[in-house]
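This report concerns only the one structure given below.
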Amino acid sequence: MSVTVNTSWLSTSEGVVGRWEPDSRGRLHEAALTLYAENGFDQTTAAQIAARAGLTERTFFRHFADKREVLFGGSALLKERVVTAVTTAPPSDGPLDAVARGLDQAGAIVGEGRRDLVARRQAVIAANPELRERESAKLADLAAAVALALRGRGVSEPQATLSADAGMSVFRVAVERWAAGTDDGDLQLALRNSIADLRAIATGTPQ
């Protein structure tokens, strides 16, 4: 993210998820998701996306390096925000508390986007093995960066890696449920609820 979830979310002109605006990048993004759903990712070309958006292929490549970047364009910023939140968490925070702060930042970014667009993006990725592999690699890269940030806070192994990997599982499940409309409210709330569920599992506390 099974609906695959990406740590590299739908992108606006600033490179992050944003509210729908009728600009060139937004039109290209909407057109791409529609064509990926209709024809499949592999069968869709950049030229077709541009034509559906009423724009030129040259305009497409001004906004996206390739058609995959329509799906994975915001990963660098998402990673930066999550790692910064983990790194700057109060010294009193335990490893999972610090990870939760990072996920809260992720929820703020991803949750600004239209829920239906996030769900459509995930469905495209779930239907394509290459995209699923890329998505998994992005999540693994984010987990490794979070684990490194935790080690920088003095967290030892395997606690750093376990906390980071658990955080990515929380992220995947929460976004999956939020995009599907299973969880009401905003994504940040869904992430906080999922963190609470993880803590309950770890302590054996019934929910």
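The values are calculated or read from the model by the stated rules, or taken from the named source; none is laboratory data. Keep in mind it's a predicted model, so treat the numbers as computed, not measured. Here the Cβ is made from the backbone with ideal geometry for all residues, glycine too, and neighbour counts use every protein chain on show.
Selection of the range 102-133 for residues being closer than 22 Å to residue 42 by Cβ and surrounded by 20 or more Cβ atoms within 10 Å (Cβ to Cβ) yields 118, 121, 122, 124, 125, 131. For the residues 25, 81, the requirement of being at pLDDT below 90, of a type in the set (Lys, Arg) and part of a helix (DSSP H, G or I) singles out 25. Are any of the residues in the range 90-98 charged (D, E, K, R) and farther than 18 Å from residue 138 by Cβ? Yes, the range 90-98 contains a residue that is charged (D, E, K, R) and farther than 18 Å from residue 138 by Cβ. For the range 59-77, the condition of being out of contact with any His (no Cβ under 7 Å at 6 or more places or on another chain), β-branched (Val, Ile, Thr), modelled with pLDDT under 95 and assigned to a helix (DSSP H, G or I) holds for at least one residue. The residues in the range 37-50 that are assigned to a helix (DSSP H, G or I) and either in contact with a Leu (Cβ under 8 Å, 6 or more places away or on another chain) or among the small types (Gly, Ala, Ser) (or both) can be counted, and the count is 6.
Pairs linking a residue in the range 58-80 that is among the basic types (Lys, Arg) to a residue that is not in a helix (DSSP H, G or I), with Cβ atoms under 7 Å and 6 or more positions apart or on different chains, are 67/44; 79/7.
Every condition in (1) more than 28 Å from residue 180 (Cβ to Cβ); (2) surrounded by fewer than 16 Cβ atoms within 10 Å (Cβ to Cβ) holds for residue 34 except the one numbered (1).
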